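Notes follow once the structure below has been shown.
The values are calculated or read from the model by the stated rules, or taken from the named source; none is laboratory data. Computed from a predicted model, the values in this text were never measured in an experiment. Please note: Cβ atoms are built from the backbone with ideal geometry, for glycine as well, and neighbour counts cover all protein chains shown.
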């Protein structure tokens with residue numbers, strides 16, 4: 001079975017059509033500012049707004065192309081993104097046809113629209129209402145696929161009991177993955193024992209948490225945002241935090257015992273790359289060597305950190321330089337740690353993911369390919385007692 005763990009329906013505001021009262025209470029979502037927050041928000045968030053460069057300079061220049069607002073003389077550049085629409089009209093029938101063309105059995109589908117409002121809305125009750133409405137829209141949209149499209153649940157974590165309730169409701173609607181934040185909520189990080197009731201609920205429901213790009217916030221010193229007018233440098237420096245933020249999440253979950261207390265829990269890392277994972281897999285045990293424990297304290301868990309990482313962490317690759325050559329990266333890791341995703345139809349994903357991976361992974365043995373395409377993920381759900389059944 002081929003399981004795609006990361007794809008998207010990003011319909012813009014159309015999902016609010018059935019919720020006019022809710023829509024009237026929500027601000028519009030400017031795509032440029034949303035993209036800016038995802039790329040450089042970690043650095044800018046603590047900088048006084050009056051010290052920011054002009055918004056016209058901060059917003060990435062390629063957004064006009066990505067959101068279909070290109071000028072006539074940019075048609076050639078727009079062609080580079082043919083078939084990769086950040087805000088595609090959601091159509092379950094058309095998506096299933098695409099799955100059939102690719103030979104993909106099941107696809108997990110994300111809608112980030114509800115999360116986008118958290119950038120602009122501070123009312124927590126309103127955000128919870130928005131999250132629930134968006135989840136309902138996504139589940140209703142996926143219903144037309146006869147089990148081929150699985151809605152990824154967006155949750156709101158300021159009230160963990162509410163998050164568990166919404167996760168339970170979305171499991172009933174077919175969800176097998178839910179999005180998690182990469183930063184503390186109410187001052188409490190996800191590795192803290194206070195979160196264990198949420199992780200236990202996830203295992204009971206046979207659902208997997210996903211740290212997706214854009215959620216991997218890690219507030220490094222905001223002084224690095226003070227670069228004068230060179231906003232390109234700001235975006236480049238901020239985007240380089242992605243791997244560091246993902247590593248911080250993995251370190252914390254392992255070193256604070258979250259994976260020991262919740263052995264069946266599996267963390268998915270989506271669009272955060274895998275090129276850094278072989279280094280981390282080797283480096284993470286250094287903290288428990290005898291010399292390290294003199295300074296850092298005694299390691300009191302039964303497995304090595306690398307063994308928790310091998311058992312409890314899975315990541316999806318990107319087609320960029322840091323994840324190439326992918327076959328060599330996968331050989332440097334245990335067989336189940338890198339798993340398949342298309343990220344369709346986003347521009348950093350693939351119009352023809354099966355063709356792409358058929359080419360870049362042609363040197364790997366068939367057994368390893370089967371683990372990558374779906375075997376490893378199927379084992380994750382089997383371990384929780386509820387394997388995914390092919391429609």
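Taking only the stretch 346-367 into account, find how many residues are in contact with a helix residue (DSSP H, G or I) (Cβ under 7 Å, 6 or more places away or on another chain) and either assigned to a helix (DSSP H, G or I) or surrounded by 14 or more Cβ atoms within 10 Å (Cβ to Cβ) (or both).
Looking only at that region, the number is 7.
In the stretch 15-57, which residues are in contact (Cβ under 8 Å) with a residue 40 or more places away in the chain, within 19 Å of residue 121 (Cβ to Cβ) and over 27 Å from the mean Cα position of the chain (by Cα)?
Passing the criteria: only 25.
Checking the condition under 18 Å from the mean Cα position of the chain (by Cα) and at positive phi, which residue from 323, 343 passes?
So the residue among 323, 343 that is under 18 Å from the mean Cα position of the chain (by Cα) and at positive phi is 343.
May I ask you to list the residues in the stretch 297-335 that are in a helix (DSSP H, G or I), at pLDDT below 90 and surrounded by 13 or more Cβ atoms within 10 Å (Cβ to Cβ)?
322
For the stretch 370-391, name all the residues that are in a helix (DSSP H, G or I) and surrounded by fewer than 17 Cβ atoms within 10 Å (Cβ to Cβ).
Across the stretch 370-391, the qualifying residues are 370, 379, 382, 383.
Tally time: how many residues in the stretch 172-195 are under 19 Å from residue 385 (Cβ atoms) and either in contact with a helix residue (DSSP H, G or I) (Cβ under 9 Å, 6 or more places away or on another chain) or surrounded by fewer than 19 Cβ atoms within 10 Å (Cβ to Cβ) (or both)?
Total meeting the criteria: 5.
Testing residue 105 on (1) farther than 18 Å from residue 343 by Cβ; (2) touching a residue at least 40 places away in the same chain (Cβ under 8 Å), one condition comes back false. Which one is that?
Of (1) farther than 18 Å from residue 343 by Cβ; (2) touching a residue at least 40 places away in the same chain (Cβ under 8 Å), only one is false for residue 105: (1).
Looking at the stretch 298-307, which of its residues are under 19 Å from residue 333 (Cα atoms), in contact with a helix residue (DSSP H, G or I) (Cβ under 8 Å, 6 or more places away or on another chain) and without any contact (Cβ under 8 Å) to a residue 24 or more places away in the chain?
Selection gives 304 alone.
Residue 254 - would you say it is over 25 Å from residue 193 (Cα atoms) and either without any contact (Cβ under 8 Å) to a residue 12 or more places away in the chain or not in a loop (DSSP other than H, G, I, E, B) (or both)?
Considered against the rule, which asks whether it is over 25 Å from residue 193 (Cα atoms) and either without any contact (Cβ under 8 Å) to a residue 12 or more places away in the chain or not in a loop (DSSP other than H, G, I, E, B) (or both), residue 254 comes out as no.
State the number of residues belonging to the stretch 1-27 that are under 30 Å from residue 318 (Cβ atoms) and not in a helix (DSSP H, G or I).
Within the stretch 1-27, residues that are under 30 Å from residue 318 (Cβ atoms) and not in a helix (DSSP H, G or I) number 11.
Here's the yes/no breakdown for (1) surrounded by fewer than 18 Cβ atoms within 10 Å (Cβ to Cβ); (2) within 21 Å of residue 315 (Cβ to Cβ); (3) at pLDDT 70 or above:
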{"residue": "214", "(1), (2), (3)": "no, yes, yes"}
{"residue": "219", "(1), (2), (3)": "yes, no, no"}
{"residue": "227", "(1), (2), (3)": "yes, no, no"}
{"residue": "236", "(1), (2), (3)": "yes, no, no"}
{"residue": "240", "(1), (2), (3)": "yes, yes, no"}
{"residue": "249", "(1), (2), (3)": "no, yes, yes"}
{"residue": "260", "(1), (2), (3)": "yes, yes, yes"}
{"residue": "267", "(1), (2), (3)": "no, yes, yes"}
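Where in the stretch 110-208 are there helices (runs of 4 or more DSSP H), lying wholly inside it, with at least 3 residues that are touching a residue at least 24 places away in the same chain (Cβ under 8 Å) and over 24 Å from residue 8 (Cα atoms)?
The helices (runs of 4 or more DSSP H) meeting that bar are 196-204.
In contact with a helix residue (DSSP H, G or I) (Cβ under 7 Å, 6 or more places away or on another chain), within 24 Å of residue 213 (Cβ to Cβ) and modelled with pLDDT of 85 or more: which single residue out of 86, 102 fits that description?
None of the other options fit; the residue is 102.
Give me the pairs: first residue in the stretch 348-367 and over 20 Å from residue 331 (Cα atoms), second residue modelled with pLDDT of 95 or more and exposed (fewer than 11 other Cβ atoms within 10 Å of the Cβ), beta-carbon distance under 9 Å, and six or more apart or on different chains, which are they?
352/101
What is the number of the single condition among (1) at negative phi; (2) within 21 Å of the chain's Cα centre (by Cα) that residue 273 does not meet?
(1)
Restricting the search to the stretch 267-297, which residues are more than 19 Å from residue 340 (Cβ to Cβ), out of contact with any helix residue (DSSP H, G or I) (no Cβ under 7 Å at 6 or more places or on another chain) and touching a residue at least 24 places away in the same chain (Cβ under 8 Å)?
282
Mind listing whichever residues of the stretch 1-29 are farther than 19 Å from residue 151 by Cβ and either surrounded by 15 or more Cβ atoms within 10 Å (Cβ to Cβ) or in contact with a helix residue (DSSP H, G or I) (Cβ under 7 Å, 6 or more places away or on another chain) (or both)?
23, 25, 26, 29, listed by residue number.
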